[in-house]
Structure formats: structure tokens, C-alpha cells
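The values are calculated or read from the model by the stated rules, or taken from the named source; none is laboratory data. Here the structure is a predicted model, which means the values were calculated and not measured. Here Cβ is always computed from backbone atoms with ideal geometry, including for glycine, and neighbour counts include all displayed protein chains.
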Amino acid sequence: MSVMEWQYLLTSNRFGDNKETGVDKSGRTDFDKDCDRITFSSPFRRLGRKTQVHPLTQNDHIHIRLTHSLEVASVGRSLGVMCGKKIIDDLPKGIYPSDIGQILQAASLAHDIGNPPFGHAGEEAIRAWFKDSANADILEGLTEEQRKDFENFEGNAQGFRILTRLEHNVDKGGMRLTCATLGAMLKYPWTSSEIKPTSSEKENGKKFGAFQAEKNCLNDIAEEVQLIKIGNNFYCRHPLALLLEASDDICYRILDLEDAYEMKILSFDEIEKVLKDLCDQDDYSFSSDISNRRKLSFIRTKAIGGAIDGAVDIFVKRYNEIMRGEFKGSIIDDKDSKIKKPLESAYKLDTDIVFKERRKIEIEIGCYSVIGILLNAFCSAVKERISGKKISFKSSRILEMIELKDLKEGDELYESLLKATDYLSGMTDNYASRMAKRIAGMGG
């Protein structure tokens, strides 16, 4: 029976140069450096203008992808340290619970770095455009596997592409993060064409972690940390990827409700009723004369703490299954989890009320037009350039604008189209909206 081993799972070998640098003079570990490389990168900075749930809101209290990522990183670090203390006897020499916390902090900072403008609505808009029969000629000549990358476009795979190929050392390891951090960041360590049905909704074909272009990167990292292989380009999850997923789920299920209060979509009483079950009832009290916003802040803090404790309990309880690669589903939704029901209730509030808020729906519908205008312009120009036909003035200007003027006749279609989606994915909500208006001749 195969069992994953921490000495490999927590390797500080760097993808792209295979070197451990150890603790430097300032006291930074390799995993600290991962956090720094991600934090100071351009794609991370642009998360400050990308949607979490509510697109293009004018309310400064509302979460954006950047604040969400920072909060997930905070929860991830706590989960890593707490779980590390529970399994400290299994950790290799020189590795401490704080290192696990740092790995999870780094992976959490990067977990949404590949998301396109307008959040999940943006992902859906990209998929819809490539699946539209009106645009079928764009993907002509690609293999079935390559087509799936566009028709099932996934922000997680785009993030992996950024970290391993696009940012800093282009095609030479990308950010050159440690393989431990990259393994933890891979919530879905398989490609779009190698998905196997499982008991988890998130693993049944809706999510994947690497495009065909990065399948060798996926395999190299999986081999380095010695994930258990399930099939071609398909592996079991790194144990810390389960904790990353739990951190993400805890944050968005709880904090989306706080945003809904700020947006006047949900009342204080509706939210308290759901989150109170996550709080320690012996420590649940606040002054009656403070504002509902401050009360909600208190409840949110206690609820996150309770959710973290519940996630740690399940990680320990399912530890042996996790290390054998047999654990399916997510930690917070485990049948024995004490946090399963309240977090399900929180998510139900989101899906039944928050996600159906009229303004949100209107802007998300509009994002399909924005994404459509941009993809039509970018992809048509790319295909025109590499076809060898005389390129139009408009297409040549578009390629200059999106910094793809070096494309030439005979370049591979698949990689060329990926460069177009790379540019689109890197755009912020405001920039995408403004550029679409200009391309459509509507100013902006």
C-alpha cells in the first residue's frame, strides 16, 4: 500500500533550478521566500482590482480577490501550524509546524492568482465563448485535449501556468517556488483530459489544475513530492492541498455573508442565525449598544476560529486515509465534521440569496459581452497572424496592444491562443471593461 511521506511532500527543492537555499542571513526560510515572491509579483498585485463575489462595487468594505487571498493565507497558516503540531512526530528532521504554516500561507496567497476578470462569471464567459458554434473556426486544428483547455477554461490551471512558466523566469520555472508550495497549491492535480469520476463534486470534471501545456510541469512536481499516481497526468491530492481548500471554503462561506450585510442583501439576524453555530457558546457575548457591523465582525471572528478547529479535527481523524491518498471530497464537508452543517447553511444563503442579487446578475451578464468582445478581437488577430495570410491593420494593432506582435507565420495555434487567454486572464475588471468599450468603438 502506497503512503505519501512528509520528507518528500515538504521538500524545499525549487521548481526550475532544483536548489535548496536554506535559511538566509535575515532568517527567512525557503518557504518564507515563496511568500515574498508571490506577494511582490504583478499578477498578485492585480488581484486588487478583480472580483471576489460582487463585481465593480463602489463599497470599499467589500472583498476583492486580493483581500480574499490574504485572508485565506491567514487561515491557511493557522491550519498548517495547528495540524503540524498534531503530527509533529511524523515530520522530518529540520521541519517544524511553522514551516507547514508558511507553505500553506504561500499556496493560499497564490490560489486565485490565475482568476480572470469578473471572478467565476469571467471563467464561465470564457468557456461559453469557446464552446459557441459561432467561434468554432478559432479552435480548428487543435487536438481534443487542447480544445478542452479552452472550452473548460479553469482559473486554477491558469494560476499554475503563471507560477511555473509565465512569471519571472519565462519557460524556465516561472517563479521557481518550492515544490512543496506548488504541490499544496494544486487543489486539482490533473489535466482537463484526465479527470476521473469520484464521490466529490469538485473532482467529477468541473475542476482541473493544469493545462496540456503544463502537464510536464505537473508530472515533474508530482514526482518531486511523490504524490500517488492514479492515472496519466492524474494524481491524488497533496495533504496540504486539502487544508488549502478548507481555508478557501471557510473564508468565502463566512465572509461572503459579511459582504452581503454591507450590500444590504442579508440582515444581521439572518447571518447570526447561521454563523452562531460555529462559535464557542461559552465565549459568545457582546455589548448590546454596539453597532450590528461590529457585532458581525465579532461573530465572524469567532466563526472562523470554530471552523478552523473543526477542520483540524477532521484532518487528524482522516490522517491515515489522507496519507494513503484515499480521502475523497473536502475536509469541511466530511460526514463527521461538526462544521459541515453550519457551513452548508452559510453556502445555501449565498446560493439562494446573495448570488441571485439583481445588481450582481446584471453585471455578470454584461461581463459575457466584455469577454466576448475581447476574445473575438484577440483570438481572431492571433489566428490571422500565424496563418500566413496578409494581416489586417486592425489585427496588427490588436497584437501590438496585447504585446503579441512577435507572433509569426507557422507558430503553433495552441500556444498562440494560450498567449491570448494569458493576457485576458491578467486583466482587471476595470481594464477589461474599458478595453472592450474602446474596441467596440464606444469610448471609455
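The condition of being outside any helix (DSSP H, G or I) and either under 24 Å from Ala121 (Cβ atoms) or more than 25 Å from the chain's Cα centre (by Cα) (or both) holds for only one of Gly372, Gly410, Gly366, that being Gly410. Each residue in segment 319-336 was checked for being of a type in the set (Ser, Thr, Tyr) and farther than 17 Å from Cys251 by Cα, and 1 of them qualify.
Just checking, does segment 139-151 include any residue being among the charged types (D, E, K, R), crowded, with 24+ Cβ neighbours inside 10 Å, touching a residue at least 12 places away in the same chain (Cβ under 8 Å) and within 29 Å of Cys251 (Cα to Cα)? Taking every residue of segment 139-151 in turn, at least one turns out to be among the charged types (D, E, K, R), crowded, with 24+ Cβ neighbours inside 10 Å, touching a residue at least 12 places away in the same chain (Cβ under 8 Å) and within 29 Å of Cys251 (Cα to Cα). Picking from residues in segment 304-355 that are of a type in the set (Val, Ile, Thr) and out of contact with any helix residue (DSSP H, G or I) (no Cβ under 7 Å at 6 or more places or on another chain), the one that is surrounded by the fewest Cβ atoms within 10 Å (Cβ to Cβ) is Thr351.
Residues that are surrounded by fewer than 21 Cβ atoms within 10 Å (Cβ to Cβ), hydrophobic (A, V, I, L, M, F, W, C) and closer than 22 Å to Ser133 by Cα occur in segment 398-415; there is at least one. Just for segment 252-296: of the residues that are under 17 Å from His61 (Cβ atoms) and of a type in the set (S, T, N, Q), which one is surrounded by the fewest Cβ atoms within 10 Å (Cβ to Cβ)? Of everything passing the filter in segment 252-296, Ser291 is surrounded by the fewest Cβ atoms within 10 Å (Cβ to Cβ). Does segment 31-52 include one or more residues that are touching a Phe, Trp or Tyr at 6+ places or on another chain (Cβ under 8 Å), modelled with pLDDT of 95 or more and assigned by TED's automatic domain parsing to the domain that holds Pro116? Yes: segment 31-52 contains one or more residues that are touching a Phe, Trp or Tyr at 6+ places or on another chain (Cβ under 8 Å), modelled with pLDDT of 95 or more and assigned by TED's automatic domain parsing to the domain that holds Pro116.
Rundown of residues vs (1) of a type in the set (Ser, Thr, Tyr); (2) farther than 29 Å from Leu66 by Cβ; (3) assigned by TED's automatic domain parsing to the domain that holds Ile254, yes/no style:
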position	(1), (2), (3)
Ala346	no, no, yes
Ser380	yes, yes, no
Phe393	no, yes, no
Leu399	no, yes, no
Glu403	no, no, no
Leu407	no, yes, no
Glu415	no, yes, no
Tyr423	yes, no, no
Met427	no, no, no
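Every condition in (1) within 17 Å of the chain's Cα centre (by Cα); (2) of a type in the set (Lys, Arg); (3) outside any helix (DSSP H, G or I) holds for Arg161 except the one numbered (3). Here Ile103 passes the criteria (1) at pLDDT 95 or above; (2) surrounded by 21 or more Cβ atoms within 10 Å (Cβ to Cβ); (3) out of contact with any strand residue (DSSP E or B) (no Cβ under 9 Å at 6 or more places or on another chain) except the one numbered (3). The single residue among Ile265, Ile250, Ile254, Ile271 that is outside any helix (DSSP H, G or I) and of a type in the set (Val, Ile, Thr) turns out to be Ile265.
Does Ile299 satisfy the condition of being crowded, with 19+ Cβ neighbours inside 10 Å, touching a residue at least 60 places away in the same chain (Cβ under 8 Å) and closer than 27 Å to Gly101 by Cβ? Against the criterion (crowded, with 19+ Cβ neighbours inside 10 Å, touching a residue at least 60 places away in the same chain (Cβ under 8 Å) and closer than 27 Å to Gly101 by Cβ), Ile299 does not qualify.
Being closer than 25 Å to Met427 by Cα and assigned to a loop (DSSP other than H, G, I, E, B): is that true of Pro92 here? Considered against the rule, which asks whether it is closer than 25 Å to Met427 by Cα and assigned to a loop (DSSP other than H, G, I, E, B), Pro92 comes out as no. So how many residues does segment 319-363 have that are among the hydrophobic types (A, V, I, L, M, F, W, C) and in a loop (DSSP other than H, G, I, E, B)? Going through segment 319-363 one residue at a time, the tally reaches 5.
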